[in-house]
Amino acid sequence: MSTTPTVVLSGVHSGPNPSPGLGLARSLRLAWPRLRLEALDYSPRSTGLSAPEFDRTHIRPGWHTADLGALCAGLVSIVESAGAVFLPGLDLEAALLTERAPGHPALLLPPAAAFDVVAKPGETAASLLGLAVPEHRFAEGIEDAADFAARHGWRIWVKGPRYQAVAVTNRAELTGALERVRDTWGAESLLQRHVAGTEESVVFAALDGELLGACAMRKTMVTSEGKTWAGAVDRLDQPTRARLVDLVRVTRWTGGGEVEFVRESDTGVPYLLEVNPRFPAWIHGATLAGVNLPARLVAAATGIPRHEREKAHSSGFVRVVEEIPAGPHATGALAPTHRAVAPEPAAVGKHPSGMPVLSRRLTPARPRPRPSAVDPVRTADIAAALVVDPYESPARVLFGGVLDRGLDRLTAVCRDVEDATGVPTRFAYSVKTNPDPRVLDAVLRRGALVEVISQAEARRCAEAGFPGDRVVLGGPAKWWRFDGGPVKFGAVFCDSVTDLERTVDLLTTGAVYADVVGLRLAPPTVASRFGIDVTCPRTYRRVADALRRAPLGRVGLQFHHAASQIGLRAWLREFTSAVTVAADLLTRVNSRARCVDLGGGWPPWLAREELGSQLTRASRVAVRELGSLDQVLFEPGKYLVEPAMAVFTTVLDVRDGPLGRAAVVDASIAELPDWASHPHPVLWRAPGARWRKLPAGDESVLGRLCMEHDRPRAGLTLPDGIAAGDHLLFLDAGAYDASMSYRFGV
Amino acid sequence: MTPPAQSAVPALPAKVPDQPPSALVEHPDCVACADTRSWLLAHDRAEATPAREWDTTTFGLGWLFRYFRWGPSRWPFAWCDVPGAAHLDCGVLACVAGMVLTARGLRVERVQLVERAAVEETALWRARWRAAGCPAGWILSDREVYHEVLLVHAEPEPVLFDPTELRQVGQGRDRPLWMRKWVW
Ligand SMILES: [Zn+2]
């Protein structure tokens, strides 16, 4: 047994996303130059094993080979035989040790209760710390995840159970992130709304429920993964310290810990990101700022006297990259098979400590999910649409019932907004989404308006029976192939200052008559190629001059940006900014808006109440800024027709391939061209059986085309009994899947 | 933790400015001057957030820098010169920020400073101003520059706010060498 005081540190890899072991060693070395430090890790590729701070290194067997119990017992025996204390640098290893060697006095790690409190998303920890938790959901699969992402404006994080957080802004990134997290960690992802603001951290040390010290850190430089590269260290304010004392006391915390949170820019609300059950990798930065928490912890746990006084070298820290001589074990970084074949450099190990392997071993296997029953309303819709059986395949089918109920819902939304605001409210169906004559006829019979973006669409609507005053004209190419008129529109919205000038000319010459003429406002802080950004000072001046030269009669303001892309919160914020500035602009030119038109991209899953309250909020903002209004319009497209059509297909082949098990069908991305923007739910029917919904998983449906990317749906579990001749029904194919479909490979 | 080291008593500057703070020209009956002021106030209203109420660091004026960068302005400078400008100097920014904050109901006073600068900085700034054809009289010496900021009577206490740096005077820099609150 060694007589020199000894500390064993695990997790010593020092890469772009380092473990804390090396930082801990540096802090302890600063406090006790002669302390014995031993490094412990699970592969020779952990680069910190070569660091001169360590007196001895232990390379343990990888997590994939060993018996977990034996591995834990081995670690405890290393610590005990050295008469050492142990500081963990790996979350999962710490959790496992807490479970296998609970309360061991030499292992400075939190008790099991503390791990429960900090498990993501950490609601209990957040409530103890007085922090909010960002909106979150555990992902069942891509349909569920895409729904969550759309609700939060495609600014979300996909997080692994303990490690890894991937920022996601679109469908392709979401699919990739879900697959990566599942393949790496073996567990389901936690989805969390992105909170825009300043990220801060609180690091602390505690022994048996007593706080030994803490300090705050604000990241001043981060890596592309968002990891700290430089930071400013500060003392903790009194209220935060008091709450931290509570957290540490009720969990009887032992060891290091880190609370990461973000203060939202718009609201100032602090949100918890996560609590780590160990010291962070930047811990030595706190030591350099005069707070040596690892030394305080080791001193309190062992009674080793401290002679040095903690000294602030600076109030901040930066990271540098440093080359050091490789230790003897580092030759093992090149696997023997590589040496035998081609000596390619090994990639920097992302996880040389083997946490993914351990995570997969600790995650219980889940049973294979089975197809689920389809609700009776949906079943009736399908029965009414698929009257002939076997049907022509592939075929797009219209669910008349879904269309009718969608129109009912839109009518009800108009009534809700009107009741809440007192402003007459109507909707204008966006024709480009799906110009099917059956859809136009249904809209016409409800007395609603249509929104068109070309003269050809306008003529199509006239042929369908829409009078000119029920047609809203917008878009950048509205006068393309204009026949000279005269023609009448309910409203015309101009997409640029030059479009405004051209439109004013046509109105002046009498070629065009419009009840309302107005501006399409661009969203101020979201990039868009459409509309007029009145918040830009030069544009503001140009529009003011144009309106002074040619005053308009009844002025309208249109705001149109896909809420399904930026989320309802951001949509309302962008609308409010744009309309606030536009209101003052109109006042400057002695004009006033009488009508607002609220577009679009309303996501189909929005309930009547949600859409109604969003439109009500926007209308109230408009009335506040513009004064009383004659009319509020809104423009549903996808919202009405996306769920109203499906693509009926027949299974041609079921195979095992490089992408896993897959069914090949007689449809393709030519019939489902919008496959990349939203995951179509898929129903399955064996001959003579009922339709059933396919659950999430990692299998695919492939299209009939000889194209690599003709995979209209991935992320499914195919039923055990699926066979050639069965039918699949791709739901939610009534919007751009219909209007943009093309003939290919037929 | 000890605060970063700083000189106890700054030495007085070589030259003490005697001119009043910068003032933007307002052309009589100029539609564009009035449009500019209308745009500034409308945009500032559009950017209002709950968090802005207690932000005495930036006062929620970050949006100005979506359109402008700090740099040389050619004086005399009018309100109607603002929309077309790519760069605004500290005098223009103090005028613009002062107008906007006053419209929010805050009492704002103009403050003139002399600040310490590094030789490398003043050399670079002198070259920038020369390249833009603007006089660089604000660079008082190789190590001293004239600067304009605002005293904002915010809650709970008045704040010396630097609209060019979007922070309080003294945050991240040495204390000014000389300071004068201007009384018109
Ligand atoms: Zn002017």
Would you call A:Asp732 in contact with a helix residue (DSSP H, G or I) (Cβ under 7 Å, 6 or more places away or on another chain) and open to solvent by less than 60 Å² (accessible area, probe 1.4 Å)? yes
B:Glu121 within 29 Å of B:Val100 (Cβ to Cβ) and open to solvent by less than 10 Å² (accessible area, probe 1.4 Å): no
Considering only residues of region B:147-158 that are at pLDDT 95 or above and buried (at least 17 other Cβ atoms within 10 Å of the Cβ), which is farthest from B:Ala23 (Cα to Cα)? B:Val152
Hits in region A:718-746 - residues which are in contact with a Ser or Thr (Cβ under 6 Å, 6 or more places away or on another chain) and part of a loop (DSSP other than H, G, I, E, B): A:Ala735
From (1) at pLDDT 95 or above; (2) within 14 Å of another protein chain (Cβ to nearest Cβ), pick out the condition that doesn't hold for A:Val269. (1)
Checking A:Trp480 against (1) aromatic (Phe, Trp, Tyr); (2) within 37 Å of the chain's Cα centre (by Cα); (3) open to solvent by 40 Å² or more (accessible area, probe 1.4 Å), the condition it does not meet: (2)
When you check A:Val534 against the structure, is it within 27 Å of A:Trp571 (Cα to Cα) and either among the charged types (D, E, K, R) or outside any loop (DSSP other than H, G, I, E, B) (or both), yes or no? no
May I ask you to list the residues in region A:392-414 that are open to solvent by 30 Å² or more (accessible area, probe 1.4 Å) and not in a strand (DSSP E or B)? A:Glu392, A:Ser393, A:Pro394, A:Gly400, A:Asp404, A:Arg405, A:Asp408, A:Arg409, A:Thr411
Scanning for something without any contact (Cβ under 8 Å) to a residue 12 or more places away in the chain and either under 26 Å from A:Arg569 (Cβ atoms) or part of a helix (DSSP H, G or I) (or both), does region A:111-123 turn up at least one residue? yes
For B:Phe59, indicate whether it is aromatic (Phe, Trp, Tyr), in contact with a strand residue (DSSP E or B) (Cβ under 8 Å, 6 or more places away or on another chain) and within 16 Å of the ligand (Cβ to nearest atom). no
Within region B:63-74, residues more than 9 Å from chain A (Cβ to nearest Cβ) and either charged (D, E, K, R) or not in a loop (DSSP other than H, G, I, E, B) (or both) come out as B:Leu64, B:Phe65, B:Arg69, B:Trp70, B:Arg74
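This table checks each residue for (1) open to solvent by 10 Å² or more (accessible area, probe 1.4 Å); (2) at pLDDT below 95; (3) outside the structural domain of A:Glu625 (by TED's automatic domain parsing).
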residue	(1), (2), (3)
A:Pro390	yes, yes, yes
A:Asp416	yes, no, no
A:Gly422	yes, no, no
A:Pro435	yes, no, no
A:Arg438	yes, no, no
A:Ala442	no, no, no
A:Gly103 vs (1) touching a residue at least 24 places away in the same chain (Cβ under 8 Å); (2) under 26 Å from A:Gly303 (Cα atoms); (3) part of a loop (DSSP other than H, G, I, E, B): all pass except (1)
For A:Glu274, only one of the following conditions fails: (1) of a type in the set (D, E, K, R); (2) within 14 Å of chain B (Cβ to nearest Cβ); (3) open to solvent by less than 40 Å² (accessible area, probe 1.4 Å). What is its number? (2)
If you scan region B:82-91, which residues turn out to be more than 11 Å from chain A (Cβ to nearest Cβ) and either under 12 Å from the mean Cα position of the chain (by Cα) or within 15 Å of the ligand (Cβ to nearest atom) (or both)? B:Leu88, B:Asp89, B:Cys90, B:Gly91
For residues in region A:542-595 being within 30 Å of A:Gly510 (Cβ to Cβ) and among the basic types (Lys, Arg), which is nearest to the other protein chains (Cβ to nearest Cβ)? A:Arg588
For region A:550-563, which residues satisfy the criterion of being more than 19 Å from A:Glu451 (Cα to Cα) and buried (at least 20 other Cβ atoms within 10 Å of the Cβ)? A:Leu552
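Per-residue answers, yes or no, for (1) among the basic types (Lys, Arg); (2) touching a helix residue (DSSP H, G or I) at 6+ places or on another chain (Cβ under 7 Å); (3) in the same structural domain as A:Val431 (by TED's automatic domain parsing):
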position: A:Glu625; (1), (2), (3): no, yes, yes
position: A:Leu629; (1), (2), (3): no, yes, yes
position: A:Ala646; (1), (2), (3): no, no, no
position: A:Arg655; (1), (2), (3): yes, no, no
position: A:Trp675; (1), (2), (3): no, no, no
position: A:Ala689; (1), (2), (3): no, no, no
position: A:Leu702; (1), (2), (3): no, no, no
position: A:Ile722; (1), (2), (3): no, no, no
Considering B:Ala78, B:Ala103, which residue is more than 16 Å from the ligand (Cβ to nearest atom), within 14 Å of chain A (Cβ to nearest Cβ) and in contact with a helix residue (DSSP H, G or I) (Cβ under 7 Å, 6 or more places away or on another chain)? B:Ala103
List the number of the failed condition for A:Lys219; all other conditions in (1) without any contact (Cβ under 8 Å) to a residue 40 or more places away in the chain; (2) outside any strand (DSSP E or B) hold. (2)
Region B:13-44: number of residues that are away from the ligand (no atom under 13 Å from the Cβ) and away from chain A (no Cβ under 14 Å): 11
Report the residue count in region B:45-61 for those that are open to solvent by less than 60 Å² (accessible area, probe 1.4 Å), facing chain A (nearest Cβ under 9 Å) and closer than 22 Å to A:Arg541 by Cβ. 2
Within the group A:Leu659, A:Leu640, A:Leu702, which residue is open to solvent by less than 20 Å² (accessible area, probe 1.4 Å) and not β-branched (Val, Ile, Thr)? A:Leu640
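The values are calculated or read from the model by the stated rules, or taken from the named source; none is laboratory data. All values derive from a computational prediction rather than experimental measurement. Counting neighbours? That spans all protein chains shown, and the Cβs are built from the backbone with ideal geometry, glycine included. Surface accessibility is based on the protein's heavy atoms, side chains included, excluding ligands, DNA and RNA. Shrake-Rupley method; radii C 1.70, N 1.55, O 1.52, S 1.80 Å.
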